[in-house]
Amino acid sequence: MIVVKQLMDHCHRFFGSRGELYQSEDADILIAVYPATRKRGWWTYATLELHKMGATEYLVYSYQFEQRMITHLARVAAQVIRQWESQTTRMESGSIFSLGDTIVEKSVLNHMVLTPAYYEEAGLEYYTNGKDVIRFMMLHAIADSEAKFLEQYGLMALQEWLAHSGVDSLNVTRTPAI
């Protein structure tokens, strides 16, 4: 529990707000939810115990609080835990997670893709307490068509397509770019 508190404090320094803890039945981990601030206009959802399975924690974002984001992040965490327990390998950039449902109501986005924490200030992406080194990565909600494009052409091609299309990846109700 000491590392969980350290991670919460690390996130607080970067996000400018205190996180509220949640636990989901989908995965036996804690998730902290950090509200939007004037500096950061989006809510941030962070896993706090996945570092035990590959030294990585995951971040998800939305412009307004969405309870379903907690559920989906826990479902992704469950997939990460299963892979770690069966293969002892961690997920890398470009890993795709099927959500089994849309990210939020009135959305068609039903997958998530893992990337570096692009939207964060330098220093957040790695946390160390002198013993543990924990990496933070972010998940972007994508549509089925975008997930298929990613599988066929790779993460760089998808990122270029989304950037060229002007996609705001924090908008979880956006229309697919592909």
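Return the residues of segment 1-53 that are assigned to a strand (DSSP E or B), touching a strand residue (DSSP E or B) at 6+ places or on another chain (Cβ under 8 Å) and not hydroxyl-bearing (Ser, Thr, Tyr); say none if nothing qualifies.
GLU20, LEU21, GLN23, ILE29, LEU30, ILE31, ALA32, VAL33, TRP43, ALA46 - these are the residues of segment 1-53 that are assigned to a strand (DSSP E or B), touching a strand residue (DSSP E or B) at 6+ places or on another chain (Cβ under 8 Å) and not hydroxyl-bearing (Ser, Thr, Tyr).
Is segment 148-155 home to any residue that is open to solvent by 40 Å² or more (accessible area, probe 1.4 Å) and over 20 Å from the mean Cα position of the chain (by Cα)?
yes
Before we move on, is THR71 more than 17 Å from THR175 (Cα to Cα), in a loop (DSSP other than H, G, I, E, B) and over 11 Å from the mean Cα position of the chain (by Cα)?
It is false that THR71 is more than 17 Å from THR175 (Cα to Cα), in a loop (DSSP other than H, G, I, E, B) and over 11 Å from the mean Cα position of the chain (by Cα).
Restricting the first residue to segment 159-172 and requiring it to be assigned to a helix (DSSP H, G or I), which pairs with a second residue that is of a type outside the set (D, E, K, R) meet a Cβ separation below 8 Å and a spacing of at least six or different chains?
From segment 159-172, the pairs are GLN159/THR115; TRP161/PHE149; TRP161/ALA177; TRP161/ILE178; LEU162/SER169; LEU162/ALA177.
The values are calculated or read from the model by the stated rules, or taken from the named source; none is laboratory data. In this text the structure is predicted, and so the values were computed from the model without any measurement. Positions of Cβ are generated from backbone atoms using ideal geometry, with glycine treated the same way; all protein chains shown enter the neighbour counts. Surface accessibility is based on the protein's heavy atoms, side chains included, excluding ligands, DNA and RNA. Shrake-Rupley method; radii C 1.70, N 1.55, O 1.52, S 1.80 Å.
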